[in-house]
Amino acid sequence: GSSSLGGMMSRSLLFMLTWVLMAGAKLRFASYFADHMVLQKGPARALLWGYRESGANVTMTVYKGDKIVMKKIVQAEGFRIWKALLNAMPEGGPYSIVVYQFYEGEVSNITLQDVYFGDVWLCSGQSNMAMTVSQIFNASKELAQASHFPYVRVFAASLAQSEDELLDLPDIDLQWSVPTAENLGHGNFTYFSAVCWLFGRYLYETLHYPIGLVESSWGGTPIEAWSSQRALHKCGLSEDHRRVPVSYLNSGPKNYSVLWNAMIHPLLNMTLKGVIWYQGEGNTLMNTDLYSCTFPTLIEDWRKTFHEGSVGQTERYFPFGFVQVMGKGMKVQTLGWLF
(Lines give C-alpha, C1' and ligand atoms only; values in the text may rest on other atoms or scores of the structure.)
Protein backbone atom coordinates (compact mmCIF):
# COMPACT_ATOMS: atom_id res chain seq x y z
CA GLY A 1 0.00 0.00 0.00
CA SER A 2 0.97 3.67 0.02
CA SER A 3 2.27 3.52 3.60
CA SER A 4 4.69 0.69 2.82
CA LEU A 5 5.82 2.50 -0.34
CA GLY A 6 6.37 5.65 1.71
CA GLY A 7 8.40 3.67 4.22
CA MET A 8 10.55 2.21 1.42
CA MET A 9 11.09 5.68 -0.04
CA SER A 10 12.07 7.15 3.35
CA ARG A 11 14.54 4.32 3.94
CA SER A 12 15.97 4.73 0.44
CA LEU A 13 16.31 8.48 0.99
CA LEU A 14 18.01 7.85 4.34
CA PHE A 15 20.45 5.46 2.65
CA MET A 16 21.24 7.99 -0.08
CA LEU A 17 21.72 10.81 2.42
CA THR A 18 23.99 8.61 4.54
CA TRP A 19 25.98 7.63 1.43
CA VAL A 20 26.35 11.26 0.37
CA LEU A 21 27.36 12.25 3.92
CA MET A 22 30.02 9.56 4.07
CA ALA A 23 31.19 10.10 0.48
CA GLY A 24 31.97 13.73 1.29
CA ALA A 25 33.50 12.80 4.63
CA LYS A 26 36.45 15.15 4.79
CA LEU A 27 38.04 15.35 8.21
CA ARG A 28 35.50 16.61 10.74
CA PHE A 29 34.00 15.91 14.12
CA ALA A 30 30.57 14.37 14.62
CA SER A 31 27.89 17.05 14.93
CA TYR A 32 27.88 17.43 18.71
CA PHE A 33 31.59 18.03 19.23
CA ALA A 34 32.27 21.76 19.19
CA ASP A 35 34.09 24.63 20.88
CA HIS A 36 33.00 25.35 24.48
CA MET A 37 31.84 21.78 25.12
CA VAL A 38 32.24 19.73 28.29
CA LEU A 39 33.66 16.21 28.07
CA GLN A 40 33.22 13.63 30.82
CA LYS A 41 35.97 13.76 33.44
CA GLY A 42 37.72 10.80 35.04
CA PRO A 43 37.60 8.12 36.14
CA ALA A 44 35.63 7.63 32.90
CA ARG A 45 37.35 8.30 29.58
CA ALA A 46 35.76 10.63 27.04
CA LEU A 47 35.08 9.15 23.60
CA LEU A 48 35.38 11.43 20.56
CA TRP A 49 34.50 10.50 16.99
CA GLY A 50 34.07 11.91 13.54
CA TYR A 51 34.63 11.44 9.81
CA ARG A 52 37.80 11.04 7.72
CA GLU A 53 38.95 10.28 4.20
CA SER A 54 38.88 6.55 3.54
CA GLY A 55 42.35 5.15 4.15
CA ALA A 56 43.66 8.25 5.93
CA ASN A 57 45.75 8.04 9.09
CA VAL A 58 44.46 10.20 11.94
CA THR A 59 46.09 11.37 15.18
CA MET A 60 44.83 13.51 18.06
CA THR A 61 46.70 15.87 20.39
CA VAL A 62 45.27 17.50 23.51
CA TYR A 63 46.79 20.82 24.59
CA LYS A 64 46.50 22.97 27.68
CA GLY A 65 47.82 26.29 26.50
CA ASP A 66 51.02 25.44 24.60
CA LYS A 67 51.67 22.28 26.60
CA ILE A 68 50.89 18.87 25.09
CA VAL A 69 48.80 16.85 27.55
CA MET A 70 48.38 13.68 25.47
CA LYS A 71 48.75 12.28 21.98
CA LYS A 72 46.63 9.50 20.48
CA ILE A 73 46.76 7.45 17.30
CA VAL A 74 43.12 7.43 16.30
CA GLN A 75 41.36 4.15 15.60
CA ALA A 76 39.71 3.68 12.22
CA GLU A 77 36.16 2.49 12.79
CA GLY A 78 34.44 1.23 9.67
CA PHE A 79 34.13 3.20 6.45
CA ARG A 80 35.40 6.79 6.88
CA ILE A 81 34.76 6.89 10.64
CA TRP A 82 37.38 7.56 13.34
CA LYS A 83 37.10 7.20 17.11
CA ALA A 84 39.45 8.23 19.91
CA LEU A 85 39.29 7.31 23.58
CA LEU A 86 41.06 9.93 25.69
CA ASN A 87 42.90 9.18 28.90
CA ALA A 88 40.90 9.85 32.07
CA MET A 89 41.15 13.59 32.74
CA PRO A 90 40.67 15.61 35.93
CA GLU A 91 37.98 18.28 36.04
CA GLY A 92 38.90 21.65 34.65
CA GLY A 93 40.29 23.35 31.55
CA PRO A 94 40.38 25.00 29.15
CA TYR A 95 41.91 22.55 26.69
CA SER A 96 42.29 22.48 22.92
CA ILE A 97 41.94 19.23 21.00
CA VAL A 98 43.50 18.99 17.53
CA VAL A 99 42.86 16.10 15.14
CA TYR A 100 45.34 15.66 12.28
CA GLN A 101 44.66 13.70 9.08
CA PHE A 102 47.46 12.35 6.88
CA TYR A 103 46.13 11.49 3.43
CA GLU A 104 47.97 11.16 0.10
CA GLY A 105 50.89 13.28 1.25
CA GLU A 106 48.72 16.09 2.62
CA VAL A 107 48.07 17.04 6.24
CA SER A 108 44.83 18.67 7.42
CA ASN A 109 43.53 19.37 10.90
CA ILE A 110 40.45 20.37 12.88
CA THR A 111 40.36 21.89 16.36
CA LEU A 112 38.08 22.07 19.39
CA GLN A 113 38.78 25.08 21.62
CA ASP A 114 37.72 26.10 25.12
CA VAL A 115 36.97 22.48 26.08
CA TYR A 116 36.45 21.60 29.75
CA PHE A 117 36.23 18.30 31.59
CA GLY A 118 33.46 17.76 34.14
CA ASP A 119 30.18 15.83 34.31
CA VAL A 120 27.94 15.47 31.24
CA TRP A 121 24.19 14.95 31.71
CA LEU A 122 21.51 14.18 29.14
CA CYS A 123 18.07 15.76 29.74
CA SER A 124 15.14 14.20 27.90
CA GLY A 125 11.36 13.79 27.95
CA GLN A 126 8.33 15.80 26.88
CA SER A 127 7.05 19.36 27.46
CA ASN A 128 7.88 19.60 31.16
CA MET A 129 11.52 19.05 30.16
CA ALA A 130 11.23 21.17 27.00
CA MET A 131 9.82 24.20 28.88
CA THR A 132 12.49 26.90 28.72
CA VAL A 133 14.02 29.11 31.39
CA SER A 134 12.03 32.08 30.00
CA GLN A 135 8.79 30.30 30.98
CA ILE A 136 9.43 29.82 34.72
CA PHE A 137 7.97 32.16 37.33
CA ASN A 138 11.31 33.82 38.27
CA ALA A 139 12.57 33.88 34.68
CA SER A 140 13.96 37.43 34.64
CA LYS A 141 16.11 36.80 37.71
CA GLU A 142 17.33 33.43 36.43
CA LEU A 143 18.18 34.81 32.99
CA ALA A 144 20.00 37.79 34.49
CA GLN A 145 22.21 35.41 36.48
CA ALA A 146 23.06 33.14 33.53
CA SER A 147 26.41 34.79 32.88
CA HIS A 148 27.48 33.99 36.46
CA PHE A 149 27.79 30.31 35.48
CA PRO A 150 30.26 30.20 32.57
CA TYR A 151 31.33 26.64 33.43
CA VAL A 152 27.85 25.19 32.98
CA ARG A 153 27.80 24.62 29.22
CA VAL A 154 24.58 23.97 27.28
CA PHE A 155 23.66 22.10 24.08
CA ALA A 156 20.24 21.39 22.52
CA ALA A 157 19.41 18.91 19.76
CA SER A 158 16.81 19.88 17.15
CA LEU A 159 13.44 18.20 16.95
CA ALA A 160 13.82 15.29 14.55
CA GLN A 161 12.30 11.89 13.90
CA SER A 162 13.35 8.93 11.79
CA GLU A 163 12.10 5.46 10.91
CA ASP A 164 15.69 4.18 11.14
CA GLU A 165 18.45 4.55 13.71
CA LEU A 166 20.68 7.48 12.73
CA LEU A 167 24.43 7.65 13.19
CA ASP A 168 24.54 11.40 13.86
CA LEU A 169 22.10 14.17 14.79
CA PRO A 170 20.18 15.54 11.77
CA ASP A 171 20.37 19.08 13.16
CA ILE A 172 21.20 21.11 16.27
CA ASP A 173 19.20 23.97 17.78
CA LEU A 174 21.90 25.22 20.15
CA GLN A 175 25.50 24.20 19.59
CA TRP A 176 27.68 24.02 22.74
CA SER A 177 27.56 27.46 24.36
CA VAL A 178 28.45 29.44 27.43
CA PRO A 179 25.06 30.33 28.99
CA THR A 180 23.52 33.72 28.31
CA ALA A 181 20.06 35.20 28.83
CA GLU A 182 19.51 34.85 25.06
CA ASN A 183 20.35 31.17 24.70
CA LEU A 184 18.62 30.09 27.93
CA GLY A 185 15.42 31.96 27.05
CA HIS A 186 15.21 31.60 23.29
CA GLY A 187 11.44 31.03 23.23
CA ASN A 188 8.64 28.88 24.59
CA PHE A 189 9.42 25.15 24.40
CA THR A 190 12.55 25.72 22.27
CA TYR A 191 15.75 26.09 24.27
CA PHE A 192 17.04 25.95 26.84
CA SER A 193 15.23 23.50 29.17
CA ALA A 194 14.49 25.10 32.55
CA VAL A 195 14.60 21.76 34.43
CA CYS A 196 17.88 20.83 32.77
CA TRP A 197 19.41 24.25 33.46
CA LEU A 198 18.34 24.42 37.12
CA PHE A 199 19.60 20.87 37.66
CA GLY A 200 22.97 21.70 36.11
CA ARG A 201 23.30 24.99 37.95
CA TYR A 202 22.61 23.23 41.25
CA LEU A 203 25.22 20.58 40.44
CA TYR A 204 27.79 23.27 39.69
CA GLU A 205 27.03 25.17 42.90
CA THR A 206 27.42 21.88 44.82
CA LEU A 207 30.37 20.27 43.03
CA HIS A 208 32.31 23.38 41.88
CA TYR A 209 33.50 21.92 38.58
CA PRO A 210 32.26 22.12 34.96
CA ILE A 211 28.89 20.65 33.99
CA GLY A 212 27.78 19.86 30.44
CA LEU A 213 24.04 19.75 29.72
CA VAL A 214 22.65 18.03 26.61
CA GLU A 215 18.95 18.63 25.97
CA SER A 216 17.06 16.27 23.66
CA SER A 217 13.31 16.55 24.34
CA TRP A 218 9.99 17.02 22.52
CA GLY A 219 6.65 18.09 24.01
CA GLY A 220 3.57 15.87 23.87
CA THR A 221 5.46 12.65 23.19
CA PRO A 222 4.86 9.15 24.61
CA ILE A 223 7.56 6.87 25.94
CA GLU A 224 7.19 4.58 22.91
CA ALA A 225 8.71 7.26 20.65
CA TRP A 226 11.81 7.40 22.88
CA SER A 227 12.19 3.62 23.13
CA SER A 228 14.15 1.35 20.80
CA GLN A 229 12.30 -1.37 18.92
CA ARG A 230 14.25 -3.83 21.04
CA ALA A 231 12.90 -2.34 24.27
CA LEU A 232 9.33 -2.18 23.00
CA HIS A 233 9.38 -5.82 21.93
CA LYS A 234 10.23 -6.76 25.53
CA CYS A 235 6.90 -5.23 26.54
CA GLY A 236 4.98 -6.94 23.76
CA LEU A 237 4.76 -3.86 21.53
CA SER A 238 5.42 -3.69 17.82
CA GLU A 239 4.32 -1.43 14.96
CA ASP A 240 1.62 -3.96 14.13
CA HIS A 241 -0.06 -3.36 17.50
CA ARG A 242 0.36 0.39 17.84
CA ARG A 243 -2.54 1.99 19.76
CA VAL A 244 -2.89 5.75 19.30
CA PRO A 245 -6.31 7.26 20.18
CA VAL A 246 -7.73 9.49 17.44
CA SER A 247 -8.23 12.32 19.95
CA TYR A 248 -4.52 12.22 20.77
CA LEU A 249 -2.90 12.79 17.39
CA ASN A 250 -2.35 16.55 17.43
CA SER A 251 0.73 16.90 19.64
CA GLY A 252 4.26 15.47 19.33
CA PRO A 253 5.29 12.36 17.36
CA LYS A 254 3.69 9.11 18.52
CA ASN A 255 5.22 6.57 16.16
CA TYR A 256 7.28 3.92 17.86
CA SER A 257 11.03 4.57 18.19
CA VAL A 258 11.15 7.64 15.91
CA LEU A 259 12.74 9.88 18.59
CA TRP A 260 15.03 7.15 19.87
CA ASN A 261 16.24 6.77 16.28
CA ALA A 262 16.86 10.47 15.57
CA MET A 263 17.48 12.16 18.94
CA ILE A 264 18.98 9.51 21.26
CA HIS A 265 20.71 6.84 19.16
CA PRO A 266 23.11 9.42 17.61
CA LEU A 267 24.33 10.29 21.14
CA LEU A 268 25.27 6.75 22.21
CA ASN A 269 29.00 7.30 21.64
CA MET A 270 29.00 10.20 24.11
CA THR A 271 30.48 9.40 27.53
CA LEU A 272 27.86 10.50 30.09
CA LYS A 273 27.59 10.86 33.85
CA GLY A 274 23.83 10.31 33.81
CA VAL A 275 20.35 11.13 32.51
CA ILE A 276 17.39 13.08 33.86
CA TRP A 277 13.91 12.41 32.46
CA TYR A 278 10.55 14.22 32.70
CA GLN A 279 7.77 12.45 30.82
CA GLY A 280 4.53 10.60 31.49
CA GLU A 281 1.56 12.72 30.49
CA GLY A 282 2.02 11.49 26.93
CA ASN A 283 0.97 8.04 28.08
CA THR A 284 -2.22 8.97 29.91
CA LEU A 285 -4.16 7.92 26.78
CA MET A 286 -1.67 5.59 25.10
CA ASN A 287 -0.58 2.17 26.38
CA THR A 288 -1.14 3.42 29.92
CA ASP A 289 -1.44 -0.12 31.26
CA LEU A 290 2.01 -0.97 29.90
CA TYR A 291 3.93 1.99 31.38
CA SER A 292 5.07 -0.12 34.33
CA CYS A 293 6.91 -2.20 31.73
CA THR A 294 7.91 0.39 29.12
CA PHE A 295 9.50 2.88 31.52
CA PRO A 296 11.84 0.54 33.47
CA THR A 297 12.65 -1.20 30.18
CA LEU A 298 13.63 2.15 28.61
CA ILE A 299 15.91 2.86 31.59
CA GLU A 300 17.60 -0.54 31.28
CA ASP A 301 17.93 -0.24 27.50
CA TRP A 302 19.44 3.26 27.65
CA ARG A 303 21.87 2.17 30.35
CA LYS A 304 23.01 -0.83 28.32
CA THR A 305 23.30 0.97 24.99
CA PHE A 306 25.06 4.10 26.32
CA HIS A 307 27.51 1.82 28.16
CA GLU A 308 28.23 -0.17 24.99
CA GLY A 309 28.28 2.88 22.70
CA SER A 310 30.93 4.58 24.83
CA VAL A 311 33.12 1.44 24.84
CA GLY A 312 32.26 0.83 28.47
CA GLN A 313 33.03 4.38 29.67
CA THR A 314 29.49 5.47 30.58
CA GLU A 315 28.73 3.46 33.71
CA ARG A 316 26.57 0.39 33.08
CA TYR A 317 24.12 1.49 35.79
CA PHE A 318 24.52 5.26 35.50
CA PRO A 319 22.15 7.42 37.59
CA PHE A 320 18.80 7.95 35.85
CA GLY A 321 16.80 10.69 37.58
CA PHE A 322 13.13 11.14 36.79
CA VAL A 323 10.10 13.16 37.83
CA GLN A 324 6.80 11.40 38.30
CA VAL A 325 3.42 13.15 38.20
CA MET A 326 0.49 11.64 40.10
CA GLY A 327 -2.37 10.26 38.00
CA LYS A 328 -5.55 12.10 37.01
CA GLY A 329 -8.20 12.41 39.73
CA MET A 330 -5.64 12.40 42.55
CA LYS A 331 -4.27 15.37 44.37
CA VAL A 332 -1.61 16.71 41.99
CA GLN A 333 1.82 15.97 43.39
CA THR A 334 5.19 15.84 41.67
CA LEU A 335 7.78 13.41 42.96
CA GLY A 336 11.46 13.30 42.09
CA TRP A 337 13.47 10.09 42.09
CA LEU A 338 17.03 9.09 41.33
CA PHE A 339 16.99 5.47 40.20
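Miscellaneous remarks
- Within the stretch 170-182, the set of residues being crowded, with 19+ Cβ neighbours inside 10 Å and in contact (Cβ under 8 Å) with a residue 40 or more places away in the chain comprises Trp176, Ser177.
- Tally, over the stretch 303-324, of residues that are at negative phi, among the β-branched types (Val, Ile, Thr) and not in a helix (DSSP H, G or I): 2
- Contact map, the stretch 201-230: first residue touching a residue at least 60 places away in the same chain (Cβ under 8 Å) and over 18 Å from Glu281 (Cβ atoms), second residue part of a loop (DSSP other than H, G, I, E, B) and among the hydrophobic types (A, V, I, L, M, F, W, C), Cβ cut-off under 7 Å, separation 6 or more or different chains; pairs are Gly212/Met37; Glu215/Phe192.
- Conditions (1) modelled with pLDDT of 95 or more; (2) buried (at least 19 other Cβ atoms within 10 Å of the Cβ): number failed by Glu142: (1)
- Contact annotation: residue pairs with Cβ atoms under 9 Å, 6 or more positions apart or on different chains, pairing a residue in the stretch 293-313 that is within 13 Å of Lys273 (Cα to Cα) with a partner that is part of a helix (DSSP H, G or I) and open to solvent by 20 Å² or more (accessible area, probe 1.4 Å), are Gln313/His307.
- Filter pass, Tyr202 being open to solvent by 20 Å² or more (accessible area, probe 1.4 Å), in contact with a Lys or Arg (Cβ under 9 Å, 6 or more places away or on another chain) and modelled with pLDDT of 95 or more: no
The values are calculated or read from the model by the stated rules, or taken from the named source; none is laboratory data. Keep in mind that what you see is a predicted model, and the values were worked out from it rather than measured. Every residue, glycine as well, gets a Cβ built from its backbone with ideal geometry; the counts of neighbours run over all protein chains shown. The area values use the complete protein model at the heavy-atom level, side chains included, leaving out ligands, DNA and RNA. Shrake-Rupley method; radii C 1.70, N 1.55, O 1.52, S 1.80 Å.
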